[in-house]
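To keep things clear, I will list the structure first and then write my remarks on it.
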Amino acid sequence: MIATIAIEEFLGGAAVTGQKIESEMDLYELSAAGLPKRALTSLAAKLGLPLRAMAQLLRLGERTIQRKKEQDLLDTDASEQVLQIAVVYATGAALFGSVETFQRWMAAENIALGGKKPLDLLPSRYGARLILDILGRIDSGVYS
């Protein structure tokens, strides 16, 4: 099971998302309804990433994000991607003990990913699944 409390914290809490995150169904509902830009900016701050880097992860133009007001909702695809990034980082930070340590792992080439950096795969839903799979194997004590 995913660390729903940590995901919620990465997004700025229930006050920002508009609801508590207690299950994967809550993640689905949030993605369908759309997250406010404020959740994206909270995630970027927690990860220490500039808006330009977040825009690249979301495959959106930086200006597109900048034009939105903090309460404006992201579309379904962008919301889903923000949630996926939050899931990956909440999982990784819990496993590695801190966001900073996990970020170093994300930025390093990984043999299990054919020498690619996990961060480079994060914009893709399939890439995020690969990262989560590796994290699950590490958590289970399987060399990855």
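The values are calculated or read from the model by the stated rules, or taken from the named source; none is laboratory data. No experiment lies behind these values; they were computed from the predicted model shown. Backbone-built Cβ (ideal geometry, glycine too); neighbour counts: all protein chains shown.
No other residue among VAL99, VAL16 is aliphatic (A, V, I, L, M) and under 27 Å from ARG137 (Cβ atoms) apart from VAL99. Which of the residues that make up the range 11-31 are on the phi > 0 side of the Ramachandran plot and either crowded, with 19+ Cβ neighbours inside 10 Å or among the aliphatic types (A, V, I, L, M) (or both)? The one that is on the phi > 0 side of the Ramachandran plot and either crowded, with 19+ Cβ neighbours inside 10 Å or among the aliphatic types (A, V, I, L, M) (or both): GLY12. The set of residues in the range 110-144 that are within 20 Å of LEU47 (Cβ to Cβ) and assigned to a loop (DSSP other than H, G, I, E, B) comprises LYS117, LEU122, PRO123, SER124.
The residues on offer are ARG67, ARG59, and the sole one that is basic (Lys, Arg) and within 14 Å of the chain's Cα centre (by Cα) is ARG59. Please tell me if SER140 is more than 30 Å from ALA33 (Cβ to Cβ), in contact with a Lys or Arg (Cβ under 8 Å, 6 or more places away or on another chain) and either at pLDDT 95 or above or of a type in the set (Ser, Thr, Tyr) (or both). It is false that SER140 is more than 30 Å from ALA33 (Cβ to Cβ), in contact with a Lys or Arg (Cβ under 8 Å, 6 or more places away or on another chain) and either at pLDDT 95 or above or of a type in the set (Ser, Thr, Tyr) (or both). Just one of the listed residues (SER98, SER42) is among the hydroxyl-bearing types (Ser, Thr, Tyr) and touching a Leu at 6+ places or on another chain (Cβ under 9 Å), and it is SER42.
In summary, GLY34 fulfils each of the numbered conditions (1) on the phi > 0 side of the Ramachandran plot; (2) out of contact with any helix residue (DSSP H, G or I) (no Cβ under 7 Å at 6 or more places or on another chain) with the single exception of condition (2).
Pairs meeting the criteria (first residue in the range 44-58 and small (Gly, Ala, Ser), second residue outside any helix (DSSP H, G or I), beta carbons under 9 Å, at least 6 apart or on different chains) are ALA44/PRO50; ALA45/GLY12; ALA55/GLY61. When the range 107-144 is limited to residues that are without any contact (Cβ under 8 Å) to a residue 24 or more places away in the chain and in contact with a Leu (Cβ under 7 Å, 6 or more places away or on another chain), the one that is surrounded by the fewest Cβ atoms within 10 Å (Cβ to Cβ) turns out to be ALA107.
If you go through the range 8-65 and keep only what is part of a helix (DSSP H, G or I) and of a type in the set (D, E, K, R), you end up with GLU8, GLU9, GLU24, ASP26, GLU29, LYS37, ARG38, LYS46, ARG52, GLU62, ARG63. When SER42, SER31 are checked against the criterion of being more than 16 Å from LEU130 (Cα to Cα), in contact with a Ser or Thr (Cβ under 7 Å, 6 or more places away or on another chain) and among the small types (Gly, Ala, Ser), a single residue qualifies: SER31. Inspection of the range 69-80 identifies at least one residue that is assigned to a helix (DSSP H, G or I) and under 20 Å from ILE5 (Cα atoms). Taking the criterion of being crowded, with 17+ Cβ neighbours inside 10 Å and without any contact (Cβ under 8 Å) to a residue 60 or more places away in the chain, the residues of the range 74-83 that qualify are LEU74, ALA78, SER79, GLU80, GLN81.
Might you check whether a residue that is among the β-branched types (Val, Ile, Thr), within 14 Å of LEU83 (Cα to Cα) and surrounded by 12 or more Cβ atoms within 10 Å (Cβ to Cβ) occurs anywhere in the range 39-55?
Yes, because at least one residue in the range 39-55 is among the β-branched types (Val, Ile, Thr), within 14 Å of LEU83 (Cα to Cα) and surrounded by 12 or more Cβ atoms within 10 Å (Cβ to Cβ).
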